[in-house]
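The values are calculated or read from the model by the stated rules, or taken from the named source; none is laboratory data. Everything quoted here is computed from the prediction, not taken from an experiment. With ideal geometry, Cβ positions are generated from the backbone for all residues, glycine too; neighbour counts draw on all protein chains shown. Surface areas here come from the heavy atoms of the whole protein model, side chains and all, with no ligands, DNA or RNA. Shrake-Rupley method; radii C 1.70, N 1.55, O 1.52, S 1.80 Å.
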Amino acid sequence: MSQPQYAIMRFAKYKGPEITNIEAHNERRKEKYASNPDIDLTRSKHNFHLIEPPQRYRAEAEQQISAAGCRTRKDSVRLVEVLFTATPEFFQGKKLPEIRQYFEEALHFLEQYQAKETIISAVVHMDEKTPICTFPLSP
């Protein structure tokens, strides 16, 4: 009997200084990932972007917030990160084109509910135990 397979979508809100750490993690700018032992840096070369970030996450979010005429406080949410993945069984035996298609479909799904220009980046991590894609968004 086969295991049930599920799509997974997670949201996280970020307000300030931690945005730099999120970007360093997502864009693989760190040398070590002690907080996530599932990352295998020898496989990071297989990571790829569906959307390249136009500039640093915080700068892009602040620019978009300002352009929208929004006022912010110190504790205002400046970035929302959406993570898409699936249960490990879903990815078993799948080749890169099938994995890419899954995350492209996730991007199309997200674009139905979020303006495309507010999606700052879309990076697929093939260097983790289970492939994931993170989408930092300007709120």
(request) Just give me the residues in the range 12-53 being touching an Asp or Glu at 6+ places or on another chain (Cβ under 7 Å) and either of a type in the set (A, V, I, L, M, F, W, C) or assigned to a loop (DSSP other than H, G, I, E, B) (or both), in sequence order. (result) A12, K15, I22, D38, I39, D40, L41, N47, L50, P53
(request) Could you tell me which residue of the range 116-131 is farthest from N47 (Cα to Cα), considering only residues that are outside any strand (DSSP E or B), in contact with a Phe, Trp or Tyr (Cβ under 8 Å, 6 or more places away or on another chain) and of a type outside the set (G, A, S)? (result) I120
(request) Pull up the range 80-115, narrow it to residues that are part of a loop (DSSP other than H, G, I, E, B) and over 18 Å from H46 (Cα atoms), then point me to the one that is most open to solvent (accessible area, probe 1.4 Å). (result) Y113
(request) Filter the range 1-54 down to residues that are aromatic (F, W, Y) and without any contact (Cβ under 8 Å) to a residue 12 or more places away in the chain, then give me how many there are. (result) 1
(message) I'm checking my understanding of the structure. Among residues of the range 11-29 that are over 13 Å from P136 (Cβ atoms) and within 16 Å of the chain's Cα centre (by Cα), which one is surrounded by the most Cβ atoms within 10 Å (Cβ to Cβ)?
(response) R28
(message) Please verify whether H49 is closer than 18 Å to P131 by Cβ, at pLDDT 95 or above and not basic (K, R), treating the condition exactly as stated.
(response) yes
(request) Could you identify the single residue in A7, A67 that is among the hydrophobic types (A, V, I, L, M, F, W, C), exposed (fewer than 14 other Cβ atoms within 10 Å of the Cβ) and more than 21 Å from I132 (Cβ to Cβ)? (result) A67
